[in-house]
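Computed from the coordinates by the stated procedures, all read-outs in this text should not be read as laboratory data. Computed from a prediction, not measured in an experiment: that's the story for all the values here. We place every Cβ from the backbone using ideal geometry, glycine too, and count neighbours over all the protein chains shown.
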Amino acid sequence: MPLASLIGRWAMKPFSKALPPLGDTERAALEAGTVGFEGQLFAGRPDFDALAAFGPNRLTEREQAFIDREVRTLCAMLDDHAIDEAKDLPPEVWRYLREQRFFGMIIPEEFGGLGFGHHAHATVVARIATVNVATAVTVMVPNSLGPAELLLRYGTDGQKQHYLPRLADGRELPCFGLTSPYAGSDAASIPDRGVLVEREFEGRPTRGFLVDFDKRYITLAPVATVVGLAFHAVDESRPEGQRDLGITCALIPVPHAGMEIGRRHRPMDSAFMNGPIHGRQVFVPMDWVIGGEPQVGQGWRMLMECLAAGRAISLPALGSAMQQTALFVSNGYGRIREQFGLPVGKFHAVAGLVAQMAAELYASDAARRFTACALDAGERPSVASAILKVRLTEAGRRAVNHGMDILGGKGIISGPSNLLGVAYRQAPIAITVEGANILTRALIVFGQGAVRCHPHVLDEMAAVQANDETALGKALMAHGGHVARNLWHSLFGAPVLGRPPEALASEARLIARMSAKYALTADLAMGMLGGKLKRMELLSARLGDVLAHLYLASACVWRYGVEAAPEMLPFAQAAIRVQLDQAAAILHDLYANLPTPGRRFIGALVLRRTAHLAPLRDVQLLALAETLRTRPDVVARLVPDLSEPAAGGLRDLMSALELGDRLGEETAALNKVLRRTNSLEAAARTAADPALALAYLRAADKVIQVDDVPGPKARDEDEAVEGALSPPRQPAPSPAQPGPAAPPPSAHRPERTTPPRVPAT
């Protein structure tokens, strides 16, 4: 008997017990999407030539023109504070989005759409999000999470011809109902049920489903004209045990008998539209099922395959936009705001924080762009998209939190001139939606990655399910060689496959070694714990985090190689160091928590020679911060998507920084005179160009000031004076009559408001 068969016979029974059972949700997720460079990292063999093969991100002439013209025009229409106060986009913005086909970016030109690639789509969303997240969400949902992609990939010709042109030009505005009150992250367990029936519809007998459903958290539901719906299809005429046909996706026009759009949700009081959808005995003709009758029961697979692309575009773009805005604001405000006679950006505590934000932004945006390249090349990277969703939304939240710390009191006063307040309030939304990060880390990044990205586990599972002893034996033998190779590379050094950029050769070696250590650790954890690892989410989440950090570090190598910007080398090196340091710390923590004997010895053996992966030294952080303060061109490379809004604090900061760059080093002397004279005009008169200096000082003072609103009613004595000088007050309006509207908040005039100094006596 061949050795493979003997090994397979010996291992079949224990492996059948050890391998975790797969539910329908997990099975569909595992089979969806493709595996790219993340698979090489999981195997411990990253090939840097495979990175370089994707080349740089490219925009077509049409895409670039749209970004330069239509997107810039849109951003110039957006007032973040006004939209937040109104809790809706202005009518002219809604109209512009429809007219310029923002809702049809992914729809091919033959159907009236723009036909943009994934990188262009992500760039548009990111640029809008830097000035107003609500508008970005409104644009991204029809393109990432709406039915357009489902129709393009699975729809019938009739469905495509009817819906796609209407979705492209905004005649139809879609939403998609997936999440139920009792099935959120486990969306495959939705209780919504549709029973196969035959009804008279539009004057003729029609096969279809009679559906009862409750959906919530559905973005664009309050304004949708067509509802995408996921439900469990059931055929009660079949024998018991065969009645469940599987999750099915359909399109339902609004209005439709039995379906009700509920009252609006307000996620963190944001302005984008969101709400519930209810349906009782809603008849859905078979023609409304996406793809028609052949696609009944295929809805979960359809969603998993399409979500892989959307998850890599929409929310990562929002996370990147938050990072870009927070870095620009933190660095810019640090240049303008002074305390103790120095710009606050020169204080080491602030400088170090800004530098860390820049290093993290370089890595996360590198990963976002690299994954967009993979998508444009035809990949459907389900694991990589989950990495992006988790890491970039968390990075966005951290960046905004850091920015708020740096802004101090300026950051917590609401009003038109607030720089990050709206983003701070909305950051948790991206963390929560489209797969909560707390579960995505464990269940998708590692749970799915352990099977899809591992070079042998899927083969072993298939052999066990088929009860094929020979196939199992062959897979186990290959797996054994894989473990031995990664053990050797972990202990004695891993070879660098391919040719990374020469300037990052040492960083590439560190990535290769850490990848081997990670691959070995993943195998040890799965071998020691078996199916129990699936339920030990604190451990599996750590394993997912290490893979994520390796992916981001590798993307930095790719970015530096294709960007051809030598001035960004310190940021690339810092970004890689930060990611590898975090990966090493997590691995140390993992071994400390493995519930197996000998974990400390094994951990010490596997993780030897990781001491060099120390955090960035203070001197390196301060050097990065100095570059950010003195090199606007470097800042522009880090925040390429930052756009200019119609009004508000961000626009004020942009204006002040532009004037400050024109003045150059003269701003320090102006501020010194201003501290002495407390007069903008007097300080400006000392400059070589008084007019320019005065414009800068006024702009900088406007950035520093905060907004105010009317205070409480006057005191009794003030009311008495007012009464003597004013006509008699009108009686208070009755409860049935609304009183006069309160005056709108008023921004302080852009003048220095500190009182003049009192001369010493």
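Report, in degrees rounded to the nearest 10, the 0 to 90 angle that the Cα long axis of helix 618-630 makes with the longest principal axis of the chain.
60 degrees
For the chain, find the longest principal axis of its Cα atoms and tell me its angle to the long axis of helix 505-529, 0 to 90°, nearest 10.
For 505-529 against the chain, the angle is about 50 degrees.
Arg171 to Ile412: FRET efficiency via 1/(1 + (r/R0)^6), r the Cβ-Cβ distance, R0 45 Å, to the nearest 0.05?
The calculated FRET efficiency here is 0.55.
Helix-only mean residue ellipticity at 222 nm, the chain, DSSP H runs n ≥ 4 weighted -39,500 (n - 2.57), per residue, nearest 500. What is it?
Here the helix-only value at 222 nm equals -17000 deg cm²/dmol.
On a full-extension model of 0.36 nm per residue, what is the gain between Asp287 and Leu59, subtracting their alpha-carbon distance, rounded to one decimal in nm?
78.3 nm
Over the Cα atoms of the chain, how large are the radius of gyration and the largest Cα-Cα distance (Dmax), in Å?
29.3, 111
R0 = 56 Å: FRET efficiency of Ala585 with Glu202, Cβ-based, nearest 0.05?
After rounding, the FRET efficiency stands at 0.30.
Stretch Ala503-Ser189 to full length: gain in nm at 0.36 nm per residue minus the Cα-Cα span?
108.0 nm
Applying a 10 Å radius around every beta-carbon, put 69-76, 472-479, 300-307 in order of their mean neighbour count, most first.
Most protected by this proxy first, the peptides run 300-307, 472-479, 69-76.
Hey, with R₀ at 45 Å, roughly what FRET efficiency would Ala636 and Arg266 work out to, going by the Cβ-Cβ distance, to 0.05?
About 0.80, to the nearest 0.05.
Starting from the eigenvalues of the Cα gyration tensor, five times each then square-rooted, give me the equivalent ellipsoid semi-axes of segment 664-707, largest first, whole Å.
16, 11, 9
Relative contact order of the chain: what whole-number percent is it, with Cα pairs under 8 angstrom and at least 6 residues apart?
Dividing the mean separation by the residue count of the chain yields 17 percent.
If each residue of separation counts as 0.36 nm, what is the full-extension length gain between Asp68 and Ala52 once their alpha-carbon separation is subtracted?
Value of the extension gain: 3.0 nm.
Order of 92-98, 214-220 by packing, highest average Cβ count within 10 Å first?
Result, highest mean first: 214-220, 92-98.
Take peptides 197-204, 584-591, 408-415, 130-137 and line them up by average Cβ neighbours within 10 Å, highest first, as a rough protection proxy.
130-137, 584-591, 408-415, 197-204
Give me the angle, in degrees from 0 to 90, between the Cα long axis of helix 716-725 and the longest principal axis of the Cα atoms of the chain, rounded to the nearest 10.
60 degrees
Using the 10 angstrom Cβ neighbour count as an exposure proxy, how do Glu99, Glu666 rank, fewest first?
Ascending Cβ contact count within 10 Å gives the list Glu99, Glu666.
Between Lys87 and His162, what is the label-point separation in nm under the 7 Å Cα-to-beta-carbon projection?
Going from the His162 label point to the Lys87 one covers 3.5 nm.
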